[in-house]
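Presented below is the structure to which this report refers.
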Amino acid sequence: MRLNGAQMVLRCLEAEGVEVVFGYPGGAVLTLYDEIYKKGLRHILTRHEQGAAHAADGYARASGKTGVVIATSGPGATNLVTGIANAYMDSIPLVAITGQVARPGIGTDAFQEADITGITLPITKHNYLVTKLEELPRIFKEAFHIAGTGRKGPVLIDLPKDVQIEEGDFAYPQRVELSTYRPVYEGHAGQISRAATAIRKAKKPVIYSGGGVVSSGASAELLEFSKYTGIPVTTTLTGLGSIPSAYTYYLGMPGMHGTYAANHALSNADLIIAVGARFDDRVTGKVDAFAVHAQVIHIDIDPAEIGKNVAAAIPIVGDVKLVLQELLKKAKPPEIEEWQNQVLAWKKERPLRFHQPPGGPVKPQFVISELYRLTGGDAIVTTDVGQHQMWAAQYYPLEKPRTFISSGGLGTMGFGFPAAIGAQVAFPGRTVLCIAGDGSFQMNSQELATAVCHKLPVKVAIINNQYLGMVRQWQEFFYGGRYAHSCLAGSPDFVKLAEAYGAAGMRASTVEEVPRVIAAALETEGPVVMDFHVDPQENVLPMVAPNTSIVEMIGGDAL
Amino acid sequence: MKRVLAILVEDRPGVLTRVSGLFSRRGYNIQNIAVGRTIEPGISRMTVTVDADRVTVEQIVKQLNKLVNVLKVSDLTEESSVGRELMLIKVKAEPEKRGDIQQLVATFRAKIIDVSPDSMIVEVTGDENKLQAFMLMMQEFGIKEIAATGNVALLRGGRTTREARN
């Protein structure tokens, strides 16, 4: 069958089961967009390519499917860069399709030319420049395979304009022939037995789990494993939701803004079972002082993560779901009653907490708690990056995986709102709540138009403290209170901004107004921006100063 | 310490950039790199010499293995291997010095491949130590320029790089 390159792309997307794409048209993708138009493929037009990339990322995180984003050459492609880097750092499956100038123009500094494969080399799992039409079907097949298998991640396909127009024979490959790419899924049986032995002998074991559990769909196995062995669990930011917050032996998040129980459990542990987590510096603090008494079992699908930051005594390369299933068969519950009691005592005596004075000012943690109460804990929550992100992680308890969507590794301000749009596209019937900061929201607030046009009823809660709050907090703690350029006074009236786009806007400045506004927003059909004016002095606690031990906590005192 | 990695890669545009880019962005220092063909069509061999400890090299190898175009990475330092580098040296050679140079060339089993009224080009092959020693000797006459290939290496014995244990 003779098809042009653009028609082939549509056939490839169809074969991969792609139901929706996020994007922004332009000169070098006109032929591709013409086919999207003719085929009626669902396309979410954002107002900025970065928004499209984050929306595709949010769609992928919420649904578990591979997100697809399309942009034109040059600035369209470079505007994707932050979104691609964000997906790369958190191992999110994404296929980015960019237009490129026609092949004869490549390398001539043609209009809207950018070397996007060169630019994205360090932030993609792999990328392709399609130089021959006949390679297009194989490249698409490989791209989706690479993005969605092993340690997942973004793959970029750069598609010259003339390749989209050229005609050729089309057949979609049934199989991927990649001799150089073979992820290992089954864990080594001998290593799993060694791990089982270490678990049986442990006196103070802790499970430290991360985004890999969400990615591999291993939440049920993780909970079963913890229940069977009685070993307490702490989850990283990207792992939140993979263990129900209400579970007895769940300790909350570890690290810089982690709980007392999680940080002390890790620091006193004699065995850490790391499951799909990568010992990020925000978790370990000063790495030489991290968990000095612990032996480490490290389960990860990416062999390069093992031993990268923390040495592992028992490395197990494999899919965490399969490895946990095997480990469950071999493991025996250790005798750790004393340790369990210790951990539960820490949890009970030093919980996360805040005080809301009845007369105000409104505390940001109170807003998050009310959001939780009034959504019945049933929302898909997305966040931007900063103080509000940490408060959301601390005060919005979760039941299920894929309900907490946050930029972990890259820490991208402006991620939350477009990601919420993507999540809402994946789940039109669910409440999608974007908890944003006043700074972060302004980095992609133009996507209000996207939410309104596509009737995506995302509820945005701006924790508005008139500051780049986390920057302000660091300046208070570590820079002598010199608030260099972190005050955001002069930001727009977010209620009017929402209304200008045709969304609803609501404001709460007093304690009484907070639940009223939330209830009203949840009853409103379309997208809503809630502007919560909160105490600008409030800090995220507990806190571990950078490059210190995670038991040297500011705040987190006993009751 | 100095370690030699043999990397078999698919011969495609941009693969050298992918490999060298990985070294630079993860902060590993390449001492030298040699790229050439193999007996398999479509497969190239890179030999990279790095100065790094064992743990760092393990991480380098793992990161290299993640590149989709990389077929096999082997740390040849872990096994018995032979390495050679080829160097061309343009040395000042006034007529009265030529005899001395020729003697040294013979001692080092090097080869004179070009002669002009006041200079010569010498081709010399060997491991790093031998080339260093030869350069030292040539410095007496005055080295005008050198060109070197970087180290290439193979495992000793019958096993190929693909069959290497690590």
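The values are calculated or read from the model by the stated rules, or taken from the named source; none is laboratory data. A quick note: this is a predicted structure, and the numbers were derived from the prediction, not measured. For neighbour counting, all protein chains shown are included, and Cβ atoms are generated from backbone atoms with ideal geometry for every residue, glycine included.
Given the structure, is A:GLY480 surrounded by fewer than 19 Cβ atoms within 10 Å (Cβ to Cβ) and more than 21 Å from A:ALA451 (Cβ to Cβ)?
On the way: surrounded by fewer than 19 Cβ atoms within 10 Å (Cβ to Cβ): yes; more than 21 Å from A:ALA451 (Cβ to Cβ): yes.
So A:GLY480 passes the test.
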Might you let me know whether region A:33-43 holds any residue that is within 24 Å of A:THR383 (Cβ to Cβ) and not acidic (Asp, Glu)? no
Restricting to region B:84-109, name every residue that is crowded, with 18+ Cβ neighbours inside 10 Å, under 17 Å from the mean Cα position of the chain (by Cα) and not β-branched (Val, Ile, Thr). B:GLU85, B:MET87
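For every residue, the table says whether it meets (1) surrounded by fewer than 14 Cβ atoms within 10 Å (Cβ to Cβ); (2) of a type outside the set (S, T, N, Q).
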residue: A:GLU476; (1), (2): no, yes
residue: A:SER486; (1), (2): no, no
residue: A:GLY502; (1), (2): yes, yes
residue: A:VAL534; (1), (2): no, yes
residue: A:GLY555; (1), (2): no, yes
residue: A:LEU559; (1), (2): yes, yes
Among the numbered conditions (1) surrounded by fewer than 21 Cβ atoms within 10 Å (Cβ to Cβ); (2) within 14 Å of another protein chain (Cβ to nearest Cβ); (3) in a loop (DSSP other than H, G, I, E, B), tell me where A:ARG278 comes up short. (1)
Determine which member of the set A:SER267, A:SER242 is of a type in the set (S, T, N, Q), crowded, with 23+ Cβ neighbours inside 10 Å and not in a strand (DSSP E or B). A:SER242
Residue check, A:GLN442 against (1) within 23 Å of the chain's Cα centre (by Cα); (2) surrounded by fewer than 17 Cβ atoms within 10 Å (Cβ to Cβ), all met but one. Which one? (2)
Can you list residue pairs whose Cβ atoms sit under 8 Å apart, with the first residue in region A:118-133 being under 19 Å from A:ASP90 (Cβ atoms) and more than 8 Å from every other protein chain (Cβ to nearest Cβ) and the second being buried (at least 21 other Cβ atoms within 10 Å of the Cβ) and of a type in the set (D, E, K, R)? Count only pairs 6 or more apart in sequence or on different chains. A:ASN127/A:ASP158
Got at least one residue in region A:294-302 being touching a residue at least 24 places away in the same chain (Cβ under 8 Å), in contact with a strand residue (DSSP E or B) (Cβ under 9 Å, 6 or more places away or on another chain), under 27 Å from B:TYR28 (Cα atoms) and assigned to a loop (DSSP other than H, G, I, E, B)? yes
Screening A:ASP288, A:ASP270, A:ASP302 for residues that are at pLDDT below 95 and of a type outside the set (Lys, Arg) leaves only A:ASP288
Quick one: count up the residues across region A:91-117 that are within 14 Å of chain B (Cβ to nearest Cβ) and over 14 Å from A:ILE157 (Cα atoms). 4
Every residue from region A:176-196 that is more than 14 Å from every other protein chain (Cβ to nearest Cβ) and either surrounded by 14 or more Cβ atoms within 10 Å (Cβ to Cβ) or in a loop (DSSP other than H, G, I, E, B) (or both): A:TYR185, A:GLU186, A:GLY187, A:HIS188, A:GLN191, A:ILE192, A:SER193, A:ARG194, A:ALA195, A:ALA196
What number of residues within region B:63-90 are within 14 Å of another protein chain (Cβ to nearest Cβ) and among the aliphatic types (A, V, I, L, M)? 6
How do the pairs read when you match residues in region B:19-35 that are within 13 Å of another protein chain (Cβ to nearest Cβ) with residues anywhere that are surrounded by fewer than 13 Cβ atoms within 10 Å (Cβ to Cβ) and of a type in the set (A, V, I, L, M), using Cβ under 6 Å and keeping only pairs 6 or more apart or on different chains? none
In region A:203-232, how many residues are part of a helix (DSSP H, G or I) and touching a Ser or Thr at 6+ places or on another chain (Cβ under 7 Å)? 6
Does A:PRO418 satisfy the condition of being more than 17 Å from A:THR236 (Cβ to Cβ) and modelled with pLDDT of 95 or more? yes
With the condition being over 23 Å from A:GLY211 (Cβ atoms), I'd like the helices (runs of 4 or more DSSP H) fully within region A:1-78 carrying at least 2 qualifying residues. A:5-15, A:30-39, A:75-78
Being closer than 18 Å to A:GLN100 by Cβ, of a type outside the set (Val, Ile, Thr) and surrounded by 24 or more Cβ atoms within 10 Å (Cβ to Cβ) is the filter here, so list the residues in region A:25-66 that pass it. A:ALA28, A:LEU32, A:GLU49, A:ALA52, A:ALA53
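Results for (1) part of a loop (DSSP other than H, G, I, E, B); (2) under 25 Å from the mean Cα position of the chain (by Cα); (3) on the phi < 0 side of the Ramachandran plot, shown as yes or no for each residue.
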position	(1), (2), (3)
A:GLN475	no, no, yes
A:TYR483	yes, no, yes
A:PRO536	yes, no, yes
A:PRO546	yes, yes, yes
A:ILE550	yes, yes, yes
A:GLY556	yes, no, no
A:LEU559	yes, no, yes
Given the structure, is B:ILE60 of a type in the set (Val, Ile, Thr), touching a Phe, Trp or Tyr at 6+ places or on another chain (Cβ under 6 Å) and within 14 Å of another protein chain (Cβ to nearest Cβ)? yes
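Could you grab me the full set of residues in region B:28-63 that are of a type in the set (Asp, Glu) and either crowded, with 16+ Cβ neighbours inside 10 Å or under 15 Å from B:GLU10 (Cβ atoms) (or both)? So that I can check it myself, show each step before the final result.
First, pick out the residues of region B:28-63 that are of a type in the set (Asp, Glu): B:40, B:51, B:53, B:58.
Matches in region B:28-63: B:GLU40, B:GLU58.
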Boolean, B:VAL55 is assigned to a loop (DSSP other than H, G, I, E, B), among the aliphatic types (A, V, I, L, M) and at the interface with chain A (Cβ under 8 Å from one of its Cβ atoms): no
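Quick one: in region A:296-312, of everything that is touching an Asp or Glu at 6+ places or on another chain (Cβ under 7 Å) and surrounded by 19 or more Cβ atoms within 10 Å (Cβ to Cβ), which residue is farthest from the other protein chains (Cβ to nearest Cβ)?
Our first condition is that a residue be touching an Asp or Glu at 6+ places or on another chain (Cβ under 7 Å); within region A:296-312, this holds for A:301, A:306-307.
If we keep only those that are surrounded by 19 or more Cβ atoms within 10 Å (Cβ to Cβ) too, we end up with A:301, A:306.
On the way: A:ILE301: 11, A:ILE306: 8 Å.
Result: A:ILE301.
Does region A:219-233 contain any residue that is buried (at least 24 other Cβ atoms within 10 Å of the Cβ), touching a Gly at 6+ places or on another chain (Cβ under 8 Å) and assigned by TED's automatic domain parsing to the domain that holds A:GLN325? Full working, then the answer.
Residues of region A:219-233 buried (at least 24 other Cβ atoms within 10 Å of the Cβ): A:222, A:231-233.
Those left that are additionally touching a Gly at 6+ places or on another chain (Cβ under 8 Å): none.
Checked against the condition, which is being buried (at least 24 other Cβ atoms within 10 Å of the Cβ), touching a Gly at 6+ places or on another chain (Cβ under 8 Å) and assigned by TED's automatic domain parsing to the domain that holds A:GLN325, region A:219-233 yields no hits at all.
Just to be sure, is A:LYS321 within 14 Å of chain B (Cβ to nearest Cβ) and either within 18 Å of A:ILE192 (Cβ to Cβ) or assigned to a loop (DSSP other than H, G, I, E, B) (or both)?
In short, no.
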